[in-house]
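Just so it is clear, none of the values below were taken in a lab; they were calculated from the coordinates. For clarity, every value in this text was computed on a predicted model and none was experimentally measured. Cβ atoms come from the backbone with ideal geometry, glycine included; neighbour counts cover every protein chain shown.
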Amino acid sequence: MKANQLSSTHPFRVIANMAGEIKICCIASAGGHMTELLKMSNSWMRYEHFYITTVPLLREKLQADGRVYVTGECNREHPLKVLKVLMRCLKIVLRERPNVVISTGAAAGCITCFLGWLSGAKIIWLDSITNVDRLSLSGRMVRYIADVFLVQWPELAKKYNNVEYLGAVI
């Protein structure tokens, strides 16, 4: 499928009018975030893509599909780790220059979305299915810069502006 043939409900519809080569950064923390991200992998397989994750354990599994970077884990309770992850993500974004960043979270995904946005990338965010009553903290921050912001509960889409429900991935 060509980029300009994407339907208006397809999560990757933001690339429909993009010219030239498309490079997608797929980033998620280990565990549930990565599981949810990989459930959508058929959406980006036809494009050049690479992965960013937070633990080395996933490198081997993801390398079968493309380049993999590992940033380490971080959260708001450990600001020095956040700074370290920020620097690693910045280096990756500057090296790869993605046109699109897709993430399910958490902190490293949020950081990379902002770095990608600053460099002109389109941002696609899928909030975790575990967020039933409200958006995740990372999601609440990324929502303002996201070109497509998806949730997995229809009630959440009704609760927030510029948030869509297209179904659940799990």
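The chymotrypsin sites (Phe, Trp or Tyr not before Pro) of region 70-170 meeting both criteria, a DSSP state outside H, G, I, E and B (loop) and at most 15 other C-beta atoms within 10 angstrom of the site's C-beta, are 144.
Adding -39500 (n - 2.57) for every DSSP H run of four residues or longer, then dividing by how many residues the chain holds, sets the calculated 222 nm ellipticity at -9000 deg cm²/dmol.
Among 157, 64, 106, the largest mean-square fluctuation in a Gaussian network model of the chain (Cα springs under 10 Å) belongs to 64. When the Gaussian network model of the chain links Cα atoms closer than 10 Å, the mean-square fluctuations of 17, 99, 131 top out at 17.
For the chain, taking the reciprocal of the average inverse distance between every pair of different Cα atoms yields a Kirkwood hydrodynamic radius of 15.9 Å.
3J(HN,Hα) along region 88-93, derived from phi through the Karplus expression 6.51 cos²θ - 1.76 cosθ + 1.60 where θ = phi - 60°, amounts to 5, 5, 4, 4, 5, 4 Hz, with x in place of Gly and Pro. GNM on the chain, alpha-carbon springs under 10 angstrom: the most fluctuating residue among 37, 58, 80 is 80. Taking amide H positions as modeled 1.01 Å from N, with prolines and chain starts lacking one, no residue 5 or more places away or on another chain lies under 5 Å from residue 143. A simple charge model with +1 on the Cβ of Lys and Arg, -1 on the Cβ of Asp and Glu and nothing else charged puts the dipole of the chain at about 320 debye relative to its Cα centre. May I ask for the longest run of the chain untouched by GluC sites (Glu not before Pro) that are loop-located per DSSP and have at most 12 neighbouring C-beta atoms (other than their own) within 10 Å? The longest such stretch corresponds to 78-170.
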